[in-house]
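Working notes, beginning with the structure itself.
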Amino acid sequence: MQNNEFKRLKTFLDFVFLQYKKQSMTKLSVNINKIATLRNARGGNMPDLLKVATDIERFGGQGITIHPRPDERHIRYQDAFDLMKVVKTEYNIEGNPIPKFIDMVLQIQPTQVTLVPDAEDAITSNAGWDTVKHRHFLQEVIQEFKRNNIRCSIFVDPDVKMIEGAKATGTDRIELYTESFASGFAQDHIKCIEPYVAAAETAHKLGLGINAGHDLSLQNIAFFAQHIPNLLEVSIGHALICESIYLGLENVIQMYLQKLQVS
């Protein structure tokens with residue numbers, strides 16, 4: 001009798017631990033902009049963006065990220081609406097909060113909107129918000145999104161002053177812009193992680209959730225996740241798709257999940 005009770009208790013505790021581990025593990029959100037770029041290169045619908053998003057979730061991805069730009073050179077605004085019907089995990093829409101973008105997000109009501117201060121002609125995101133200079137603008141936009149129950153995150157450099165400024169905007173989370181970490185990783189990974197640790201510690205003390213993204217890859221993700229406290233989510237697109245050309249999409253997603261779990 002005692003043995004049976006012990007086994008039941010152990011099974012229950014193992015289940016609780018597994019659920020806690022799932023909740024505390026950093027989530028992987030896959031940015032599918034590059035899939036849209038490939039599709040748009042030839043016209044038509046190959047690869048099928050909606051099927052790829054569905055497959056990513058089936059392969060273990062815990063979120064889908066898109067970043068539509070005004071010229072629609074990769075993700076189109078219609079894609080954002082179409083994906084709303086198929087994404088079952090977290091749906092994260094990134095972009096510069098111009099009026100058209102704001103209207104689109106309010107109609108779709110994704111899980112999360114990530115505000116990025118990129119110029120219309122930017123090839124890729126290249127800087128975080130000056131949260132002090134643009135505080136009032138960000139406050140107004142974030143208030144509107146939060147009135148519609150949309151979680152808000154803003155793209156910031158690993159600068160403690162900008163993190164403190166982010167708190168004043170009312171955002172739920174920040175997304176750390178990780179380009180400087182990725183570019184310096186091979187030369188001095190200890191030095192390049194230090195500002196991110198300080199930024200993350202400040203954000204957590206202020207009650208802000210912590211996301212991260214830009215140029216994270218299989219080579220650097222484990223080190224980054226191991227050293228950034230309370231990291232909730234990483235958004236990875238370009239490197240993940242490039243790695244998938246050689247290793248396969250399902251395999252690469254599992255590799256990222258394993259590296260995040262180890263961290």
Residues satisfying the stated conditions in the stretch 26-51, i.e. free of Cβ contacts under 8 Å to residues at least 24 places away in the same chain, assigned to a helix (DSSP H, G or I) and touching a helix residue (DSSP H, G or I) at 6+ places or on another chain (Cβ under 7 Å): ARG39
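Answer yes if at least one residue in the stretch 107-121 is outside any helix (DSSP H, G or I), under 21 Å from GLU201 (Cα atoms) and under 17 Å from the mean Cα position of the chain (by Cα), and no otherwise. Write out each step before concluding.
At the first step, the residues of the stretch 107-121 found to be outside any helix (DSSP H, G or I) are 109-121.
Keeping just the survivors that are under 21 Å from GLU201 (Cα atoms) gives 114.
Filter once more, so that each one left must be under 17 Å from the mean Cα position of the chain (by Cα): 114.
So far as the stretch 107-121 goes, yes, one or more of its residues are outside any helix (DSSP H, G or I), under 21 Å from GLU201 (Cα atoms) and under 17 Å from the mean Cα position of the chain (by Cα).
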Failed item in (1) under 25 Å from LEU50 (Cβ atoms); (2) assigned to a helix (DSSP H, G or I), with GLU164 passing the rest: (1)
Subset tally (residues that are surrounded by fewer than 16 Cβ atoms within 10 Å (Cβ to Cβ), under 19 Å from the mean Cα position of the chain (by Cα) and not in a helix (DSSP H, G or I)) for the stretch 62-100: 2
Residue count for the stretch 1-25, restricted to those that are within 24 Å of ILE253 (Cα to Cα) and either in a loop (DSSP other than H, G, I, E, B) or modelled with pLDDT of 85 or more (or both): 1
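Just to check your reading of the model, which residue among PHE185, PHE155, PHE145 is within 16 Å of ILE93 (Cα to Cα) and in contact with a Cys (Cβ under 8 Å, 6 or more places away or on another chain)? Quick ask: steps written out before the conclusion?
Values: PHE185 fails: within 16 Å of ILE93 (Cα to Cα); PHE155 fails: in contact with a Cys (Cβ under 8 Å, 6 or more places away or on another chain).
Only one candidate qualifies: PHE145.
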GLY170 being out of contact with any Gly (no Cβ under 9 Å at 6 or more places or on another chain) and at positive phi: yes
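The values are calculated or read from the model by the stated rules, or taken from the named source; none is laboratory data. Quick caveat: nothing in here was measured; it's all calculated off a predicted structure. Cβ sites come from the backbone with ideal geometry, for glycine too, and all protein chains shown count toward neighbours.
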